[in-house]
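Trainee: Below is the structure I would like to discuss, written out as C-alpha cells.
Each reported figure results from applying straightforward, stated rules to the coordinates on display, with no laboratory input. This one's a predicted model, so the numbers in the text were calculated from it and none came from an experiment. Here the Cβ is made from the backbone with ideal geometry for all residues, glycine too, and neighbour counts use every protein chain on show.
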Amino acid sequence: MRFLKTLKNIWTIEELRQRLVITFLLVLVYRLGCQVVLPGISPEDCKALATFSNSSGLMQLLDMFSGGAFSQASIFALGIMPYITASIVIQLLGMVLPSFQKMQREGESGRQKLNQYTRYLTVLILLLQGPAYLFNLKMQVAHVTGAATMGFGTTAYLTVILAAGSMFIMWLGERITDRGIGNGISFIILVGIIARLPEALFFEFVSRLPGDGMAAGGLVMFLVEIILLFAVTVGAVLLVQGTRKVPVQYAKRIVGNKQYGGVRQYIPLKVNAAGVMPIIFAQAIMFVPLTLAGFGSDGSGSGFIAAFTNINGFWYNLVYFLMIVAFTYFYTAITVRPTQMAEDMKRNNGFIPGVKPGKKTAEYLDNIMSRITLPGSIFLGIVAILPAFARFFGISQNFAQFFGGTSLLILVGVVLDTLQQIESHLMMHHYDGLMKDGKIKGRTTGSAY
C-alpha cells in the first residue's frame, strides 16, 4: 500500500512526472537507435560479430556497456565509452595542468570550456576507435564467410556514422541531465546494462533446466545463484553508502581564545570515495594486452599475451585486483583533500573535538581516510573479480557479468542516485519519501562511470 501511495504521489507532482516521461522517451530513442544497423552491413555480418563478442570476455564487456549495440553493428556501436574516456583524461589534466585548474575555479564558464574540450577529445577518440571497430568487423566477417571487402571510402563513411551515433548518445545523456531525472550519462550506461539482464537471466535459467546432460538439481543451483546475486548486490550497496562520520564543532562566536555556543555537525568520509573509477582505470590498462595481441584476432596467443587476455586466469585477476587497490588510493588522494577540508573548517570557526585546527586536523583526516580506504579498496577489488569466480563455478559468461565488476557498481550507484533525486522531489512537495525513514544515500563523491 505504501508503495502504491508513493507512486501516486510521484505522478501527482507535475514537474517530476514530466521529467520521468521525458527520461522514458529519450531512453526509448536510445534503445531504438541500438537496433539500427550500419549501412551495408548484412545479417550475416552481425551474426559473425555477435559470435565473436560472445566468445571473447573482453569484447563482451564492451558489448554490455553499449547495450548490445556493439555486437549488432549498430550506429550506436561505440556507445558512450569514448566520452567517458575523454572525461577521465580531462579530469586528470585538471589535476596536473595549471591552465585546466584555473578553468575549474572559474565556475560555470570554466565548466563550459572543459565540457567543450571534452567533446573535442571525444571526437578525436571516436575517429580512432571507429576504424578499429570496422577492422574488427571485417576480420570476423572474413573468418565466418571467407570474404569481406571494406575500402577506404566505406571505412571513412561508416566511421563518420559511428562518431555521429556516439555524439548523439552524449546529447541524449545531456538532455536527460537537464530535462529528465538527472545523471544522464550514467543513466544511459545503466540502461545498456539492464538491457542485457533479462536475456542473460533467461539463458541461465534455460541452461539449468533438467535434460541434455544437466543434473536434476539445476533449478536449485539457479535459485542459489539468485540468492548469491542478491547478497552481492547488498554488499555493493553497503560499499557505495559506507561512511565514517567525523564530528565537527562550529562556534557561534569567539571572544579572545575562547569559543562560545555553536552547533555540532558531521563530515561523512566515504569508505569508497573513488567510486568505480579505479575499476575503469584498471580495465583500461588491462585492455592493452588485447591491443598488443591484435584487435580483431581470434584471441589466441602464448606467454604474457595469453595470460593477460584470459579474464578467467589467475594472473589476470591477481594483477587486476592489485591495480584496483592501488588506483583506489590514488584516486582518493586526488579527490579527497584533507588540507582543504581543514582550512575550510578553520575559516568557518570549526574544529574536531580533541584535535587542534589546521595542520593537525589535516593529518587526522588523512589518517582516517587511509584507514577506511584500505578495507574499501580490498572490497572493491573483490567485487571487481567476482565475475571470474562466478564463471569458475559454472555460471554462464553473460550472467556472470552481473555478479560484480563495473556493471554491478554502476547499476547500484545510479539507481541509488535516481531514487535520491525522486526522494528530494517528494520531500520538497511535502510527500512521504520512498523509504520510511526518508534516508536514501547516493554517491556524494566519485563518478558513475
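Trainee: What is the extension gain from Leu7 to Trp315, computed as 0.36 nm multiplied by their sequence separation minus the C-alpha to C-alpha distance, in nm to one decimal?
Mentor: Once the chain is fully extended between Leu7 and Trp315, it gains 106.0 nm.
Trainee: Another question, then. What is the gain in length, in nm to one decimal, between Met428 and Ala156 on full extension, counting 0.36 nm per residue of separation less the C-alpha to C-alpha distance?
Mentor: Taking Met428 through Ala156 to full extension adds about 92.8 nm, to one decimal.
Trainee: A further question follows. Sort 224-231, 156-163 for me by packing, meaning the mean count of neighbouring Cβ atoms within 10 Å per residue, highest on top.
Mentor: Taking the mean over residues of other Cβ atoms within 10 Å, the ranking is 156-163, 224-231.
Trainee: Let me ask something else about it. Full-extension gain between Gln116 and Gln104, please, as 0.36 nm times their residue separation minus the C-alpha to C-alpha distance.
Mentor: 3.0 nm
Trainee: Rounded to the nearest 0.05, what FRET efficiency do Phe393 and Ser42 give with R0 = 41 Å and r taken as the Cβ-Cβ distance? Could you check?
Mentor: 0.60
Trainee: Right, here's the next one. Could you sort the peptides 76-85, 182-191, 356-365, 329-338 by per-residue average Cβ neighbour count (10 Å cutoff), highest mean leading?
Mentor: Packing order, densest peptide first, comes out as 76-85, 182-191, 329-338, 356-365.
Trainee: Calculated FRET efficiency, Gln249 and Ser370, Cβ-Cβ r, R0 22 Å, to nearest 0.05?
Mentor: Result of the calculation: an efficiency of 0.40.
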